[in-house]
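Here is the structure we will look at.
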Amino acid sequence: MVASGTFGYAREMAGLVTLSRLGGIIPKTITREPRPGNAPWRTVETTGGMLNSIGLDNDGIDAFIEHHIPYLCSVGTAIVVSVAGRTHDEFVGMCRQLDAVDGIAAIELNISCPNVSGGVDFGTDPAMCERLVSDSRAACRLPIIAKLTPNVTSIADVARGAAAGGADAISLINTCQGMAVDWRRRKPLLGNVLGGLSGPAIKPIALRCVYQVAQAVSTPLIGIGGIATLDDVMEFLVTGASAVQLGTANFYDPTVSMRVLDELPDALRQLGASTVAEVVGTLVAKPVSKH
Ligand SMILES: Cc1cc2nc3c(=O)[nH]c(=O)nc-3n(C[C@H](O)[C@H](O)[C@H](O)COP(=O)(O)O)c2cc1C
């Protein structure tokens, strides 16, 4: 799959990628009301990655349903709609509204955006996470995926909350909070000062999160974070992810998802497997004692 915020609303990538080959597309997160996002700069290149503080710039759920859903649902792959609310009720209300829309495969709850105030509480407090997932689950028939932030002391605890709330899957991770500075001007580079780090630089953090969460819950996991090659994909699968999303790599290597798909069968064969399911969570490692 391709990760939210890194693939636009898919139209932008249609000339480069055979969209129907993807396992799924997660368009940019939508909110109840339109949001202008944060002041520039909104992105900065860093060593092995990038920082962003977009601030959930989007036209709101009504415009999304009217203008983007018809196209997205025509491309021939699963469409996972990413939503973010300022409040519990806003999240649940958006799930209810999307339940009435044809053609959506699942909802991803973005309870992990570091660039909006309030948005991350649901992803840092296990009890709030559980209640949000549970009420979202009850509000619609679609599978509910909880997308977690790594910016917590114990991601396993938050994952337990999501699992207890009935999450059908857990995506991890969103970006790692970071900062970039221009020392000559004595200024932060991002308009929002802080932003989210993504790209190859965060892959070890994401793998660690998948490893810890795979031991904490039996919910299927979707690995995200710095995936840019088939080797990266395989690392996430054996560590415990049942699926993966490619994010930042789409910006600097737009056809990466196609290449990964081409290469996947051979890598599976190297492990004596013919399906992804056969390799998921087959890592041989001693369990972590504390997470
Ligand atoms: C420019 C940019 C915008 C993003 N916007 C969103 C978003 O709207 N919703 C979301 O859930 N994640 C968003 N993300 C996070 C990605 O979906 C992904 O979780 C994260 O970047 C880690 O994966 P990667 O290292 O492969 O990019 C954004 C990431 C970037 C770089």
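The values are calculated or read from the model by the stated rules, or taken from the named source; none is laboratory data. None of the values given here were measured: they were computed from a predicted structure. With ideal geometry, Cβ positions are generated from the backbone for all residues, glycine too; neighbour counts draw on all protein chains shown.
Quick notes on this one:
- Once the stretch 44-60 is narrowed to residues that are on the phi < 0 side of the Ramachandran plot and free of Cβ contacts under 8 Å to residues at least 60 places away in the same chain, the residue that is surrounded by the fewest Cβ atoms within 10 Å (Cβ to Cβ) is Glu45.
- Residue within the stretch 98-109 that is at pLDDT 95 or above and near the ligand (Cβ under 10 Å from one of its atoms) present: yes
- Strands (runs of 3 or more DSSP E) (entirely within the stretch 11-90) containing at least 2 residues that are over 30 Å from Ala138 (Cβ atoms) and among the polar types (S, T, N, Q): 43-46
- Candidates Thr255, Thr282, Thr248 - the one that is exposed (fewer than 15 other Cβ atoms within 10 Å of the Cβ), touching a residue at least 12 places away in the same chain (Cβ under 8 Å) and within 21 Å of Pro27 (Cβ to Cβ): Thr255
- Test result for Arg269, farther than 24 Å from Asn110 by Cα, surrounded by fewer than 21 Cβ atoms within 10 Å (Cβ to Cβ) and basic (Lys, Arg): yes
- Scanning the stretch 188-241 for residues that are of a type in the set (Gly, Ala, Ser), in contact with a helix residue (DSSP H, G or I) (Cβ under 8 Å, 6 or more places away or on another chain) and within 11 Å of the ligand (Cβ to nearest atom) turns up Gly199, Ala206, Gly223, Gly225, Gly226, Ala228.
- Taking each residue of the stretch 207-224 that is without any contact (Cβ under 8 Å) to a residue 40 or more places away in the chain and looking for partners that are hydrophobic (A, V, I, L, M, F, W, C) with beta-carbon atoms closer than 7 Å, six or more apart or interchain, yields Leu207/Phe236; Val210/Leu172; Val210/Leu221; Val210/Phe236; Val210/Ala241.
- Residues of the stretch 1-34 that turn out to be within 12 Å of the ligand (Cβ to nearest atom), without any contact (Cβ under 8 Å) to a residue 40 or more places away in the chain and over 17 Å from Ser74 (Cβ atoms), as a count: 0
- Flag for Ala201 being in contact with a His (Cβ under 7 Å, 6 or more places away or on another chain) and either among the charged types (D, E, K, R) or in contact (Cβ under 8 Å) with a residue 60 or more places away in the chain (or both): no
- Selection count, the stretch 256-279, where residues are farther than 27 Å from Met13 by Cβ and under 20 Å from the mean Cα position of the chain (by Cα): 0
- Selection of the stretch 58-77 for residues being within 16 Å of the ligand (Cβ to nearest atom) and within 20 Å of the chain's Cα centre (by Cα) yields Asn58, Asp59, Gly60, Ile61, Phe64, His68, Leu72.
- Filtered residue count, the stretch 167-197, keeping only those that are more than 18 Å from the chain's Cα centre (by Cα) and surrounded by fewer than 20 Cβ atoms within 10 Å (Cβ to Cβ): 14
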